[in-house]
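The structure appears below as C-alpha cells.
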Amino acid sequence: MFSFKKLAFTAAVAFGALSTAFAAPAVTEVARCDACDAQKGVHGILVDLQVKLDGPCAQLGSLVKANATVDVVTELVGEIKTSISAAVVDVQALVGAEVDVILASATGTAHVTVVELTAVIAAVVNLVFGACGKVLAVVDVTVKAQIVAILCALGEVVGALLCAVFALVGGLLVGLSASVYAAISACIQVILTLNVHVLISLFGIVSL
C-alpha cells in the first residue's frame with residue numbers, strides 16, 4: 001500500500017497544490033512567525049494543530065442548509081487551511097534535525113510511538129473530514145459543486161500535511177501509514193466523494 005517512491009511523487013503533487021493555494025509571501029510570513037517552534041517534534045506540532053482546528057471545524061460541521069453558503073464555507077475553510085499549512089511548514093523545518101527532536105513526544109519525556117502519532121494524525125484527519133462530511137450532507141444542491149471544490153482543496157492541504165509527516169518519520173516509525181489508514185476508515189467515503197487525489201494516491205484507496 002505504501003512506498004517511499006509513491007510518497008515522493010505524491011508529496012510533489014501535494015506541495016504543488018499547497019503552493020498554488022497560498023502565495024509565497026504568506027507562507028514565508030508563517031515560517032518566520034513559527035520559527036520559535038522549529039524544535040518542537042512532529043507529535044507536538046500535530047497536537048497543537050488539533051487544538052487550533054477544534055473551533056473552526058466545529059463551526060464548519062454545525063452549518064445548516066440556510067448558512068452553508070459559498071462565502072461562509074470559504075471563510076471557515078480558509079482558517080483551517082492556514083493552520084494546516086503552518087503545520088506543514090513546521091514539519092518540513094524538522095528535516096535534518098536529530099531523531100530525538102523529530103520523535104519527541106508532546107510531553108517531551110520519550111520518543112513518540114506509532115500508536116501515539118497515529119492517534120493525533122487520525123484526530124486531525126477525522127476532525128477535518130468529519131466536518132466536510134456534515135457540510136456535504138446539508139448543502140443546497142444549487143451551490144454543491146462550488147462547495148465540493150472548496151472542500152476538495154482543503155483535503156489536498158491535509159494530504160500535503162500527511163505527505164510531510166510520512167516523509168519525515170516514515171523510516172523511523174515502521175507501520176505508521178498502515179496504522180493511520182486504519183484509524184481514518186470512517187472518513188474514506190468523504191475523501192472519495194471529494195476525490196482528494198493526494199490521499200487516494202498516498203493510501204491506494206479504491207472505491208468502497
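The values are calculated or read from the model by the stated rules, or taken from the named source; none is laboratory data. This is a predicted model, so every value here is computed, not measured. Here Cβ is always computed from backbone atoms with ideal geometry, including for glycine, and neighbour counts include all displayed protein chains. We work out accessible area using only protein heavy atoms, side chains counted, and drop any ligands, DNA or RNA first. Shrake-Rupley method; radii C 1.70, N 1.55, O 1.52, S 1.80 Å.
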- Residues being part of a loop (DSSP other than H, G, I, E, B) and surrounded by fewer than 15 Cβ atoms within 10 Å (Cβ to Cβ) - total across region 61-73: 5
- Message: For region 143-169, give me each residue that is open to solvent by 20 Å² or more (accessible area, probe 1.4 Å), among the hydrophobic types (A, V, I, L, M, F, W, C) and over 17 Å from D90 (Cβ atoms).
- Response: V143, A145, V148, A149, I150, C152, A153
- Message: L76 - would you say it is surrounded by 19 or more Cβ atoms within 10 Å (Cβ to Cβ), part of a helix (DSSP H, G or I), free of Cβ contacts under 8 Å to residues at least 24 places away in the same chain and among the hydrophobic types (A, V, I, L, M, F, W, C)?
- Response: yes
- Note on the structure: In region 79-96, anything in contact (Cβ under 8 Å) with a residue 40 or more places away in the chain and not in a helix (DSSP H, G or I) is listed as A93, L94, V95
- Message: Can you report the number of residues in region 28-60 which are modelled with pLDDT under 50, under 13 Å from S83 (Cβ atoms) and open to solvent by 60 Å² or more (accessible area, probe 1.4 Å)?
- Response: 1
- What's the number of the condition A104 fails, among (1) crowded, with 18+ Cβ neighbours inside 10 Å; (2) under 27 Å from V73 (Cα atoms)? (2)
- Item | Close pairs (6 angstrom Cβ cut-off, 6 or more residues apart or separate chains): closer than 14 Å to V196 by Cβ and part of a helix (DSSP H, G or I) in region 140-151, open to solvent by less than 40 Å² (accessible area, probe 1.4 Å) and at pLDDT 95 or above anywhere | I150/V73; I150/V77; L151/C132; L151/L194
- Quick one: what pairs do we get from region 179-190, first residue among the β-branched types (V, I, T), second buried (at least 22 other Cβ atoms within 10 Å of the Cβ), C-beta under 6 Å, 6+ apart or different chains? V180/T118; V180/I121; I184/V125; V190/F129; V190/C132
- Note on the structure: Of (1) within 29 Å of A93 (Cα to Cα); (2) open to solvent by 60 Å² or more (accessible area, probe 1.4 Å), L127 fails just (2)
